[in-house]
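What follows is calculated from the coordinates using simple rules that are stated; it is not laboratory data. Treat the numbers as computed from the prediction; the structure is a model and nothing was measured. Backbone-built Cβ (ideal geometry, glycine too); neighbour counts: all protein chains shown.
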Amino acid sequence: MGLDYIRSATGKPWRKRWAGGLDKLKNPSLLDLAITESARVVTARLTSGCRAKVGDVYIVEATGGDITVSDGLRLIGSVANPSAETTAALATASGYAEAVVHRVSLFGDTAELSLK
């Protein structure tokens, strides 16, 4: 009796009603996996004796083909094999950018930096 009432009260059968809803679910929405803004994260090899912590802010400088990380005049580390996107971003910012430490490796020899 309950199924007959639902079918008569709703008008359309349940499957036909959700046929359009299934097409809507296939379209990209708020939770689309294609991210438009790329994250600029680089891995820097730290110099010996450097004690980088999560949240530290450093200066990233592009000199020729190399990228160095410094804290004022003190050299913190360097980025080996930077991507073309990273070098282009630094070139548009006059060769300098700020970077925040997001993660330091277990042995303290590398750090992941996020460019601002």
### Summary
If LEU115, LEU106, LEU75, LEU46 are placed from fewest to most neighbouring beta carbons inside 10 Å, the sequence is LEU106, LEU75, LEU115, LEU46
### Task
Please turn the phi angles of the stretch 79-87 into ³J(HN,Hα) values with the Karplus equation 6.51 cos²θ - 1.76 cosθ + 1.60 (θ = phi - 60°), one per residue in order, whole Hz, x for glycine and proline.
9, 8, 6, x, 6, 5, 5, 5, 5
#### Entry: Computed lengthening from ASP4 to ARG45, 0.36 nm per intervening residue step minus Cα-Cα distance
7.8 nm
### Task
Starting at the first residue of the stretch 61-74, write each ³J(HN,Hα) from the Karplus equation 6.51 cos²θ - 1.76 cosθ + 1.60 with θ = phi - 60°, in whole Hz, x for Gly and Pro.
10, 9, 10, x, x, 9, 10, 10, 10, 9, 10, x, 9, 8
### Task
Quick one: which residues, 5+ away or cross-chain, put their amide H under 5 Å from the amide H of ILE76? H built at 1.01 Å from N.
VAL69, SER70, ASP71
### Query
From the backbone phi of the stretch 99-111, what are the Karplus-calculated ³J(HN,Hα) couplings (6.51 cos²θ - 1.76 cosθ + 1.60, θ = phi - 60°) in whole Hz, Gly and Pro given as x?
9, 10, 6, 9, 7, 10, 5, 4, 8, x, 9, 9, 9
### Query
If amide H atoms are built 1.01 Å from N in the plane of the peptide, which residues on other chains or at least 5 residues away come under 5 Å of the amide H of ASP109?
none
### Task
Run the dipole for the stretch 41-115 about the Cα centre, Lys and Arg Cβ at +1, Asp and Glu Cβ at -1, nothing else charged, and hand back the magnitude in debye, nearest 20.
220
### Task
Take TYR58, TYR5 and order them by how many other Cβ atoms sit within 10 Å, fewest up front.
TYR5, TYR58
